Every structure is written in C-alpha cells, then in structure tokens.
Amino acid sequence: MASADIVFLHAPSVYDFRKKPIFYGPVSDVVPSSPVFEMYPIGFMTMSSHLEEAGFRTRIVNLAVQMLQDRKFDVERRIKSLDADVYAIDLHWMPHAHGSVEIAKLVKKHHPDALVEFGGFSSSYFSRELLAYPEIDLVMRGDSTEIPHVEMMRAIEAGRGFEGVPNLSWKDADGRIVENPVSFVPKDLDWVKFDYGTMIRNTLRHRDIKGALPWLGWDKTPLTSVFTVRGCRFNCAECGGSRSAGKRFLCRDGPAFRSPEKLVEDMICVQDYLKSPIFVIGDPRQAGNDYAERFFREAKRQGVKNHVAFELFGVAGDDFFSMAESAFGTYSMELSPDSHDEMVRRALGKNYDNAAIGKTLASAFANGCERFDLFYMTGLPEQTRESALDSARAAKGLWESVGPDKGLFIYNAPFAPFVDPGSRAFENPEKWGYRFFARTLEEHRALLDQPSWKLVLSYETVWMTRDDIAEVSYDAAIELAAAEHAVGRTDRETYDGRVERTEIARGLLRRVDQIMETRDPAERERKLWDIKEEGERMMDSTVCNKEDLYWDTPSIWLNAPRVIRGLLKNWNPFRRKSRGG
C-alpha cells in the first residue's frame, strides 16, 4: 500500500537553482516568498481536504522550501523516498515553468508506474504543451478542481478510464491527448472544504514540518488566507486572473463567491489554530455592498480576533472603512494602483484618479486602519521612464498627506518576470504596446534559465526596452528611498544603506551583461559562478525593504497550545467517508 494516494509537490522556479549561477534581482521583493517562488497555492489545502474526507491519503511536500533550507538537500532522494499513486505538481503561475517540468521528469524517473499530474492557471492555459512531455500524464484544468480530483482518484482506484472525470486532460493508451470538457465550473463556493486542520493533521501524520511549510520563514511569521471568490469581475489588461482570461481558458463566465457567512467560518477555523494575520483574498465589495455589509456584521457577531488584511480592487470611502473598524478594531489594507500616472492606470483598466487614492488613504487611517500597502510597477503600457519615476516621487506627497508616522507602506518594483498568458495584453500585445520574447511554454522555460532577472523578462514595451525597465527599476528604488527619508520615515543610515544596496544590485546586473558577451561558454560560466555568492546575498530586499511586508505575529511554535485545542475542537472521528462515498 502506498503511504499516500496523492502527493502534492511544489517545485522551485528553476531546478536546480543551487547549481546554476543566477542573479535574481528584485522579482519577488513585494511578495512573501523569495525569488525561488517557494509559496505553494492555497488550493493544495482545499484539494487535500476534499480528498481526505473522501477517504484518500494526501501529502504536501514543498521541495522549494527544503532546497532553500538546506543547500545539501537531496531532491532526488526525497522524491525517490515518496510512495504514491499520483504526484500532483502545480504550475499555477508561469514563474514555475522551468522547475515544475524538471521535477516531473525526476518523479517519472523514480516512479515510472505512477501518474504525474499538473494543475493551476498556467497548466490550464498550456495543457496541450504539458501533455506533450512524456513525463506528464494528466492536466487538471479550471479554477475549482477539488471535486474533479475526487472523481479522478475514484476512477484510478476502480480501474476505470478517465472519460467521466470533468476538467481532466489525459493521454490514452496510444498516447493521444483526450480533453474532457471543463464542465465543473461552480457558480458559488460554499461547497469548498476549507480546513487548516487538514494541513496540520497531515504534517503530524508524516512528521514533516519543514516539508509542508507554505514558504520559507512561514513558521516564524505565519500569514494565513481565506478567499472570497474565484474568477473576477474586473478586466485588468495584464492579469491572468481577469474576467476575459477566466472566460478564455478556465471556462468561467463570471465570478463565483463564497458567502459571507462561510467566509467568516473559514476565519474562525484559522483562529482556532493560529493567532496569525488573516489575508482576505478578493475585494469583498466585488459581490456588492450588501455582501460586504453581511461579511463585516457576521465577523463582528462571531468574534474574529485575529488581525485581518484586505485587498482592494479600487478606491473606498468612509462607509466601507467604518464597517471594517466596527468589525475588527484594527485591520490592514492593500491597493495596487500600479502607476501614479493616470493615463497608464486607465490603459490597464483601472479607472480611478489620484485624488480618489488620497481620499481612500485618509478615510482608511481615520477609521482604524493599522497599515495600508500601495504597490506600483515598472514596465507597463504607456509608461515612459519619467512616468515610472514619477510614481516613486509621488510617494512623498502621499506620506505627507496622511502623516509620516502612519502605517503607509509604498512599494515600487518591476513588473516581473512575465506578462500573464491569457491576459488581454498577452493575447493582443500590439494594442498594449508589448513585444514578447516568449509565447510558448518552452520559450518561457528557456527564459527562466537565464542568469539575470533582466534576461528572464518575457517582454519589453514600445516605451521602454528590457534595459530601460531594469535601469528604471533601480532608479525608482532610489527615488522611493529618497522620498521616504525626506518625510522622516527613515534615518540617514537607513537611506544610505538602501541606496548602496540598490547600486550594488545594479552593478551586479551590469557585470552579468558584460560576462554574457564572453564568447567561450566555459569561460562565461566560470565568470558567472564568480559572482553567484554576491548575487545570492542580494536575493531579497533588492529594491524594497521586504521586512515591511511582515506583520508582528507569534511563531507557530508559540501557537502550539492553540493548535492542540483547535485539533480537539474540530476533531471528527467520522471525518473520512468510504472511498466509494
């Protein structure tokens, strides 16, 4: 008997990044994970919950985290030690295009009789290309694959074919690709089993805390999340999760929402186990103001005590923030205007002006908001060098408007590494002024194997070349550091350190450019290896202070008593159904 029926594997962005001279740069400065993109999708947990209840044994193994934890970690040995019928690898977003396929090859090498499955947004988009690899047997398409996974595992157990499994692409006995319709596209999300206890129980079962961490350092500063929606009402030009992208390759005509009451149940579930911040994925106003009102009212009634962070898809006013304050006391917000240049923002599909952003910030801080994160990017349609720098310069006025002592954090980073396949900009690049260096899956994989983050960029625009985007990213970082220092948020030593780090990173990028001109491949490789260690020191916080992203929260070890109480509270001896059930 296999130790697990299905193992969910998360690969690093590039395999094996430890054995390649790569200079990552600022590609992940504004997300919790490192440039290895070791954070696995929340769908691992929900799929595991459904499969476990149906009687199947699951396991999550985050190979990327373990490779970061230990330079000597033997990936092949770990893969060989696993025992499962199915190995499910996520290719949710394109930064994993290289590592995920390489891990699939290793799985097939050591488990030739097992099935290798892919899933996620990018897997759905490139499903036929993925199945062209001999190592990949299955691709689960769509954004809601919990129930299809149960049907797939039941088909495997019963020895049936896959003809009746919704959303599944597979290869028949002759190697021909069969594409079942994406027919499981639910109109609501109240059926989804959301249980952090599944992850905890599985971690204890397999005695593998390190291998199950969502990302490196999560155990020290845990952040949890709940989701309001799958799909989106909005149609931002560069987003692979937009309305048109969802319709194009996920077969979703409109967003599916989790009811406010179920959403609060999810938050209470998190609270049972961890005293950690809870990030609410999806603007709660997408389903209308009534949805937001019901959500805040229910959260107050049930007593959500953990710190809560929200993402906004547009500006907001006193009514929204006063409801948030009434429900939670203090909370956090984040908004991605992408650019201070209103013309650039309109080109992306975001139709609010800078005055509205200022009013949103003032209203938030007047109504209990503890911190507010604003995100700007470089490499956008209609964006020139001066336009990009103006976004960084404008930070000074925003900090002055709310007061430098308020928890306003402003980030400015390159739009990297790829424009999302399926987005309007990807499908119609001329309209948005993009020129692409990669269109196919294999072309994206080849880019990820390049030695510098600039050479990994899949695009340039008619306004800025690759070189321009890289240089302006560093220039904007210095402008932002200057603005923060000018308003008194940082001292001179911090400012000087930020500028010095940015210039070191810029110098490394230029050295890589020079090395790439070396004609002899062996000599070029040697020179790249000479600067690898220096490049690794610049992996995090290259152009932003990444520590600003973290909340003050106790480690999971200090949460141990709460975890035990949560397991006892939510223990159900009849949790698992029979396999046929």
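No value in this document is a laboratory result; all are computed from the given coordinates. Everything numeric here is computed off the predicted structure, so don't read it as measured data. FYI the Cβ positions are ideal-geometry reconstructions off the backbone, even for glycines, and counts take in every protein chain you see.
On full extension of the chain, what length is gained from Asn428 through Met343, given 0.36 nm per residue of separation minus the C-alpha to C-alpha distance?
Details: separation 85, 0.36 × 85 = 30.60 nm, distance 1.91 nm.
Stretched out fully, the Asn428 to Met343 stretch lengthens by 28.7 nm.
Express the C-alpha Rg of segment 428-473 as a ratio against the empirical globular expectation 2.2 N^0.38 Å, rounded to two decimals. Could the numbers behind the result be given before it?
On the way: Rg = 10.9 Å, N = 46, 2.2 N^0.38 = 9.4 Å.
In units of the 2.2 N^0.38 Å rule of thumb, it is 1.16.
Which of the peptides 66-77, 369-380 is most tightly packed, and how do the rest follow, going by the mean number of other Cβ atoms within 10 Å of each residue?
Details: 66-77: 14.7, 369-380: 23.0.
Ranking the peptides 66-77, 369-380 by packing returns 369-380, 66-77.
By average Cβ neighbour count within 10 Å, what is the ranking of 271-281, 342-352 from highest down? Show your work: numbers first, answer last.
Details: 271-281: 20.1, 342-352: 17.8.
Ranking, from highest mean packing down: 271-281, 342-352.
Return the percentage of antiparallel bridges among DSSP beta bridges fully within the chain, rounded to the nearest 5 %.
On the way: 11 of 55 bridges.
So the antiparallel bridges amount to about 20 percent of the total.
Return the subset of Lys109/Lys193; Lys19/Lys454; Lys80/Lys210; Lys305/Lys396 for which the Cα-Cα distance in this structure is over 22 Å, preserving the input order. Before the final figure, lay out the partial values.
Working: Lys109/Lys193 34 Å; Lys19/Lys454 20 Å; Lys80/Lys210 18 Å; Lys305/Lys396 34 Å.
Listed pairs above 22 Å: Lys109/Lys193; Lys305/Lys396.
Given H placed 1.01 Å from N in the peptide plane, which residues other than close sequence neighbours of Leu408 have an amide H under 5 Å from its amide H?
HN-HN under 5 Å from Leu408: Phe372.
Name the aspartates and glutamates eligible as straight-distance cross-link partners of Lys350: C-alpha to C-alpha under 12 Å, and not fewer than 8 places from it in the same chain.
Excluding near neighbours in sequence, the set is Glu238, Asp338, Asp341, Glu342.
At 7 Å along the Cα-to-beta-carbon direction for both Thr330 and Arg77, put a label point, then send me their distance in nm to one decimal.
Result: 4.5 nm between the two label points.
Whole percent per 10 Å bin, from 0 to the bin with the longest distance: what is P(r) over all C-alpha pairs of segment 296-357?
Per 10 Å bin, starting at zero, the Cα-Cα P(r) for segment 296-357 comes out as 20, 42, 24, 14, 1 percent.
Through the Karplus equation 6.51 cos²θ - 1.76 cosθ + 1.60, θ set to phi - 60°, convert the phi angles of segment 470-477 into ³J(HN,Hα) values in whole Hz; use x for Gly and Pro.
These are the phi-based 3J(HN,Hα) values: 5, 5, 5, 4, 6, 4, 5, 4 Hz.
Per 0.36 nm of contour for each residue apart, how much would the distance between Thr494 and Glu157 grow if the chain were fully extended, relative to their Cα-Cα spacing? Write down the numbers at each step before the final one.
On the way: separation 337, 0.36 × 337 = 121.32 nm, distance 5.92 nm.
Answer, rounded to one decimal: 115.4 nm.
Quickly work out the Asp253-to-Lys109 label distance, labels modelled 7 Å from Cα along the C-beta direction, and quote it in nm with one decimal.
4.7
Taking the highest mean first, how do the peptides 163-169, 476-482 order by number of other beta carbon atoms within 10 angstrom per residue? Could the numbers behind the result be given before it?
Numbers: 163-169: 20.9, 476-482: 23.0.
Highest to lowest by the protection proxy: 476-482, 163-169.
Given a cut-off of under 8 Å on Cα pairs at least six residues apart, what relative contact order in percent is computed for the chain? Working shown, then result.
Values: 1105 pairs, mean separation 103.8, N = 581.
The value is 18 percent.
I'd like the distance between the alpha-carbon centres of segment 260-298 and segment 175-202, rounded to an integer number of Å.
Taking the Cα centre of segment 175-202 as reference, the centre of segment 260-298 is 21 Å away.
If you wrap a convex hull around the alpha carbons of segment 222-549, what volume per residue comes out, as a whole number of Å³?
148
Round to a whole angstrom and tell me the spacing of the C-alpha centers of segment 44-64 and segment 79-118.
Value for the Cα centre distance between the two parts: 15 Å.
At q = 0.10 Å⁻¹, what base-10 log of I(q)/I(0) does the Debye formula yield for the chain when every alpha carbon is treated as an equal point scatterer in vacuo?
Result of the Debye calculation: -0.88.
What is the Cα centroid distance between segment 330-377 and segment 405-442, reported in whole angstrom?
Answer, in whole Å: 19.
Simple spin-label model, 7 Å along Cα-to-Cβ: Ser322 to Glu400 in nm?
3.1
Provide the per-residue ³J(HN,Hα) series for segment 172-182, in order, calculated from phi with Karplus coefficients 6.51, -1.76, 1.60 and θ = phi - 60°, each as a whole number of Hz, with x at glycine and proline positions.
Once rounded to whole Hz, the list reads 7, 4, 9, x, 7, 7, 10, 10, 5, x, 7.
What is the ratio of the Cα radius of gyration of segment 4-193 to 2.2 N^0.38 Å, where N is its residue count, to two decimals? The partial results should precede the final answer.
Details: Rg = 16.2 Å, N = 190, 2.2 N^0.38 = 16.2 Å.
For segment 4-193, the normalised Cα radius of gyration comes out at 1.00.
From a point 7 Å beyond the Cα of Lys532 in the direction of its Cβ, which residues of segment 61-76 have a backbone N at a distance under 13 Å?
Only 71-72 fall inside the zone, counting backbone N under 13 Å.
At a Förster radius of 25 Å, what calculated FRET efficiency corresponds to the Cβ-Cβ distance of Lys275 and Ile209, to the nearest 0.05? Walk me through the numbers before you get to the answer.
Numbers: r = 18 Å, r/R0 = 0.72.
That gives a FRET efficiency of 0.85.
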